[in-house]
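Report on the following structure.
Each reported figure results from applying straightforward, stated rules to the coordinates on display, with no laboratory input. Every value quoted in this text rests on a predicted model; they were computed, and no experiment measured them. Positions of Cβ are backbone-derived with ideal geometry, glycine not excepted, and every protein chain shown enters the neighbour counts.
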């Protein structure tokens, strides 16, 4: 939720031609070097990658808008979300990438495809520790899929007063904008699904209606 798969739908919303996920920051920079026309968006442990065009920040992306992304290819690297997606592709038939922004679309897609097994993976902080926003998003998806009760106010309380949100709200680090959690916690803004698939030596993100 904070912030990879809240950034991803924005790329497509603003007309990006495609998105490449690259878990290795050095390889991500190398792709940018070989293709200077690509837009490199990413971080290592939250700090923007040296040589990247943007950090992993929804508010940065929004500030650039359609004129910046339209018909461009984006290379995206993050410590938790992108790295987790790359790992998931080794053992899953299909990998769907979501946060709150596309949750309802993802739930509808899963119900429509009638998958035999669905595994909800909350990546957490740096892929190492549980993060309340990711746990809440998984709970929300479960609610959409099964009807299990979901308390939105309780979830927000558990998210916004915890360190994973407060580090943005504090405003002490430029690369953690105060505005990011506001956007990341919006629900069901986009009506498309993001899927990740391996194509040759790259991970390509596509949209499905």
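Can you tell me the equivalent ellipsoid semi-axes for segment 50-99? Use √(5λ) from the Cα gyration tensor, largest first, whole Å.
Taking √(5λ) for each eigenvalue gives 25, 13, 10 Å, largest first.
Under a GNM of the chain (C-alpha, springs under 10 Å), which listed residue has the highest mean-square fluctuation: 176, 120, 144?
Largest GNM mean-square fluctuation: 120.
Looking only at the chain, where both bridge partners belong to it, what percent of the DSSP beta bridges are antiparallel (to the nearest 5)?
Of those bridges, close to 65 percent are antiparallel.
First measure r as the distance between the Cβ atoms of residue 111 and residue 34, then evaluate 1/(1 + (r/R0)^6) with R0 = 35 Å and state the FRET efficiency to the nearest 0.05. Walk me through the intermediate numbers first.
Working: r = 41 Å, r/R0 = 1.16.
After rounding to 0.05, the efficiency reads 0.30.
State, as an integer percentage, the relative contact order of the chain based on alpha-carbon contacts under 8 Å between residues 6 or more apart. Please report the intermediate quantities before stating the final value.
Working: 365 pairs, mean separation 59.2, N = 209.
Contact order relative to length: 28 percent.
In what order do 59, 209, 152 fall by count of nearby beta-carbon atoms within 10 Å, going from fewest to most? List each step's numbers first, then the result.
Values: 59 18, 209 7, 152 12.
Least to most surrounded, the residues fall as 209, 152, 59.
Please compute the modelled spin-label separation between residue 67 and residue 44, points set 7 Å along Cα→Cβ, answer in nm with one decimal.
Label-label distance for residue 44 and residue 67, simple model: 3.3 nm.
Calculate the radius of gyration of the Cα atoms of segment 120-178 to one decimal place, then report Dmax, the largest Cα-Cα distance, as a whole number, both in Å.
Here Rg and the maximum Cα pair distance are 12.9, 40 Å.
Would segment 111-209 count as rounded, prolate or oblate if I go by the C-alpha gyration tensor, calling it rounded below 1.5 in a/c and otherwise prolate when a/b exceeds b/c, oblate otherwise?
On the way: a/c = 1.97, a/b = 1.31, b/c = 1.50.
Note, shape of segment 111-209 comes out oblate.
May I ask you to sort 201, 188, 180 by Cβ crowding, counting other Cβ atoms within 10 Å and putting the fewest first?
201, 188, 180
Suppose we keep just the alpha-carbon trace of segment 4-208; what are its Rg and Dmax in angstrom?
Values for segment 4-208 (Cα only, Rg and Dmax): 16.2, 49 Å.
Along the Cα-to-C-beta direction of residue 27, a point sits 7 Å from the Cα; which residues of segment 63-103 have their amide N less than 20 Å from that point?
Only 73-97 fall inside the zone, counting backbone N under 20 Å.
Give, in nm to one decimal, the length gained when the segment between residue 169 and residue 90 is fully stretched (0.36 nm per residue of separation minus the Cα-Cα distance).
Values: separation 79, 0.36 × 79 = 28.44 nm, distance 3.58 nm.
Extending this stretch completely gives an extra 24.9 nm.
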